[in-house]
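Asker: Just dropping this structure here.
The values are calculated or read from the model by the stated rules, or taken from the named source; none is laboratory data. Quick caveat: nothing in here was measured; it's all calculated off a predicted structure. Note that each Cβ is placed from the backbone with ideal geometry, even for glycine, and that neighbours are counted across all protein chains shown. Protein only, heavy atoms only, side chains kept; ligands, DNA and RNA dropped before computing areas. Shrake-Rupley method; radii C 1.70, N 1.55, O 1.52, S 1.80 Å.
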Amino acid sequence: HKLDPKGRRVVGSLEAVTPWAQGAPRPGLAVGHGVAFLADPAKGEVVKVDLEGWRLAARFPVGGAPWAVALFQVAGVEH
């Protein structure tokens, strides 16, 4: 969900990952400058979300049941 902290309300939502059942591996989240990555263990993929455009930018099939994800960024370096 995208939140408006001043207005204390939800201003947008995206269906990015599969809902999970209690006890199942939860999706992991890593947030960087204008981007978020979510691990979707149910589908075996990592989802990239463009936070500034508020859209799903890409889906990367990785197989297995990924539940953790990390993001490493270096200032002044773009890939």
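Asker: Inspect region 64-77 for any residue being over 23 Å from K2 (Cα atoms), within 14 Å of the chain's Cα centre (by Cα) and touching a residue at least 12 places away in the same chain (Cβ under 8 Å) and give the result as yes or no.
Answerer: Yes; the residues of region 64-77 include at least one that is over 23 Å from K2 (Cα atoms), within 14 Å of the chain's Cα centre (by Cα) and touching a residue at least 12 places away in the same chain (Cβ under 8 Å).
Rundown of residues vs (1) touching a helix residue (DSSP H, G or I) at 6+ places or on another chain (Cβ under 7 Å); (2) of a type in the set (A, V, I, L, M, F, W, C); (3) assigned to a loop (DSSP other than H, G, I, E, B); (4) in contact (Cβ under 8 Å) with a residue 60 or more places away in the chain, yes/no style:
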position: W20; (1), (2), (3), (4): no, yes, yes, no
position: G23; (1), (2), (3), (4): no, no, yes, no
position: E52; (1), (2), (3), (4): no, no, yes, no
position: F60; (1), (2), (3), (4): no, yes, no, no
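Asker: Then there's this: Among the residues of region 26-43, which ones are touching a Lys or Arg at 6+ places or on another chain (Cβ under 9 Å) and either open to solvent by 30 Å² or more (accessible area, probe 1.4 Å) or basic (K, R) (or both)?
Answerer: Result: F37, L38, K43.
Asker: Of the residues G23, G12, which single one is open to solvent by 40 Å² or more (accessible area, probe 1.4 Å) and more than 11 Å from the chain's Cα centre (by Cα)?
Answerer: Values: G12 fails: open to solvent by 40 Å² or more (accessible area, probe 1.4 Å).
Sole residue among the options that is open to solvent by 40 Å² or more (accessible area, probe 1.4 Å) and more than 11 Å from the chain's Cα centre (by Cα): G23.
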